[in-house]
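Before any comments, here is the structure.
The values are calculated or read from the model by the stated rules, or taken from the named source; none is laboratory data. Source: prediction; values computed, not measured. Don't worry about glycine lacking a Cβ; one is built from the backbone with ideal geometry, like all the others, and counts go over all protein chains shown.
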Amino acid sequence: MTKPAPWLTGVYPGSFDPVTLGHIDIAARALKVVDHLVIAVGANMAKAPLFSVQARVEMVTAELQDNAATKDKSWEVVPFDGLLVDFVQKNAAQVIVRGLRGVTDFEYESQMAGVNRRLNADVETLFFMAREEHKNTASRFVREVAALGGDVSSFVTPRVAALLKK
Ligand code: ADP
């Protein structure tokens, strides 16, 4: 009996406001596991984002195109609105990809994974532990440091740092 070729699609959702080195690392590592990764840029954020959803889609796309670990892999960056499990199903994906930086993330992420599992038991959440050097990198801090004129070069790429300066 011939088995069908395995094909694993993951959805990596986030606000990416802005995309950080931590996000890029998670996408690169997820792409070692999944065949195709859909990076879903959230449009319906509770607070007004610093960058428009279109700007964030372009920003993430540019970074993944430029990165040696991701540029030749199969991925797409799309705006996303609505219920995540529905989006996962529409994209014929099987897993949600998330990053974990520490205990604060764990509490929230474990609840969210639980809610998503109740909504659709076929969708699994796959977690990647943040690299040591990215443990304290969060978009919120990057926005705050940039607004106060601080150096964000250890958190984001030069391209994103330039966009933040504008
Ligand atoms: P943030 O929490 O920085 O505003 P997002 O909401 O865009 O970022 O996060 C999307 C996903 O990426 C979440 O699962 C989050 O835990 C993960 N993530 C964010 N920053 C990092 C990082 N520095 N290292 C690993 N994972 C991260």
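Can you tell me which residues in the stretch 114-131 are more than 10 Å from the ligand (Cβ to nearest atom) and either farther than 19 Å from V11 by Cα or surrounded by fewer than 18 Cβ atoms within 10 Å (Cβ to Cβ) (or both)?
Those that are more than 10 Å from the ligand (Cβ to nearest atom) and either farther than 19 Å from V11 by Cα or surrounded by fewer than 18 Cβ atoms within 10 Å (Cβ to Cβ) (or both): G114, V115, R117, R118, L119, N120, A121, D122, E124, L126.
Is it true that A146 is at negative phi and exposed (fewer than 12 other Cβ atoms within 10 Å of the Cβ)?
Spelling it out, it is not the case that A146 is at negative phi and exposed (fewer than 12 other Cβ atoms within 10 Å of the Cβ).
Quick check on my filter: what residues within the stretch 123-166 are among the acidic types (D, E) and either modelled with pLDDT under 95 or over 27 Å from F87 (Cβ atoms) (or both)?
Hits for the stretch 123-166 are E132, E133, E144, D151.
Has the stretch 111-121 got any residue that is touching a residue at least 40 places away in the same chain (Cβ under 8 Å), in a helix (DSSP H, G or I) and basic (K, R)?
Looking through the stretch 111-121, none of the residues is touching a residue at least 40 places away in the same chain (Cβ under 8 Å), in a helix (DSSP H, G or I) and basic (K, R).
Within the stretch 89-102, which residues are surrounded by fewer than 17 Cβ atoms within 10 Å (Cβ to Cβ) and within 12 Å of the ligand (Cβ to nearest atom)?
G102
State the number of residues belonging to the stretch 125-166 that are free of Cβ contacts under 8 Å to residues at least 12 places away in the same chain, aliphatic (A, V, I, L, M) and closer than 28 Å to V88 by Cα.
Count: 0.
Could you grab me the full set of residues in the stretch 29-41 that are surrounded by fewer than 19 Cβ atoms within 10 Å (Cβ to Cβ) and either part of a strand (DSSP E or B) or within 14 Å of the chain's Cα centre (by Cα) (or both)?
Keep residues of the stretch 29-41 that are surrounded by fewer than 19 Cβ atoms within 10 Å (Cβ to Cβ), which gives 29, 32-33, 35-36.
Result: R29, H36.
When the stretch 74-88 is examined, which residues are found to be assigned to a helix (DSSP H, G or I) and surrounded by fewer than 13 Cβ atoms within 10 Å (Cβ to Cβ)?
Start the filter on the stretch 74-88 by keeping residues that are assigned to a helix (DSSP H, G or I), which leaves 84-88.
Within the stretch 74-88, D86 is the sole residue that qualifies.
For N136, only one of the following conditions fails: (1) near the ligand (Cβ under 8 Å from one of its atoms); (2) surrounded by 14 or more Cβ atoms within 10 Å (Cβ to Cβ). What is its number?
(2)
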